[in-house]
């Protein structure tokens with residue numbers, strides 16, 4: 001979705017996961033002063049996942065397991081209130 005952050009910004013890229021349903025923003029940070037490593041921050045305005053939820057991992061399986069735990073699984077009937 002977006003990867004044109006400035007050189008001084010520790011954000012590397014941002015994507016939307018499950019757009020139009022849960023619409024979770026995932027931002028990858030590289031060499032952030034707080035963690036000094038790569039980590040991912042997830043945000044959806046507190047709809048499905050906790051605010052400022054962060055994961056430090058190199059494994060997509062770990063990220064997917066967190067998303068599934070919070071109901072972000074690309075199944076429209078699970079994520080809507082209709």
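The values are calculated or read from the model by the stated rules, or taken from the named source; none is laboratory data. Everything quoted here is computed from the prediction, not taken from an experiment. Cβ atoms come from the backbone with ideal geometry, glycine included; neighbour counts cover every protein chain shown.
Residue check: residue 43 meets all listed conditions (1) touching a strand residue (DSSP E or B) at 6+ places or on another chain (Cβ under 8 Å); (2) farther than 19 Å from residue 5 by Cβ but one, namely (2). Of all residues in region 1-37, those being in contact with a strand residue (DSSP E or B) (Cβ under 7 Å, 6 or more places away or on another chain) and modelled with pLDDT of 85 or more number 20. Among the residues of region 1-58, those identified as on the phi > 0 side of the Ramachandran plot and either part of a strand (DSSP E or B) or surrounded by 13 or more Cβ atoms within 10 Å (Cβ to Cβ) (or both) are 18, 23.
Total residues in region 58-72 satisfying the condition of being touching a helix residue (DSSP H, G or I) at 6+ places or on another chain (Cβ under 7 Å) and under 13 Å from residue 41 (Cα atoms): the figure is 0. Taken over region 3-58, the criterion of being over 12 Å from the mean Cα position of the chain (by Cα) and in contact (Cβ under 8 Å) with a residue 40 or more places away in the chain is satisfied by 21 alone.
Somewhere in region 69-79, is a residue at pLDDT 90 or above, surrounded by 13 or more Cβ atoms within 10 Å (Cβ to Cβ) and not in a loop (DSSP other than H, G, I, E, B)? No; the residues of region 69-79 include none that is at pLDDT 90 or above, surrounded by 13 or more Cβ atoms within 10 Å (Cβ to Cβ) and not in a loop (DSSP other than H, G, I, E, B). Yes or no: residue 64 at negative phi, at pLDDT 90 or above and not in a strand (DSSP E or B)? Against the criterion (at negative phi, at pLDDT 90 or above and not in a strand (DSSP E or B)), residue 64 qualifies.
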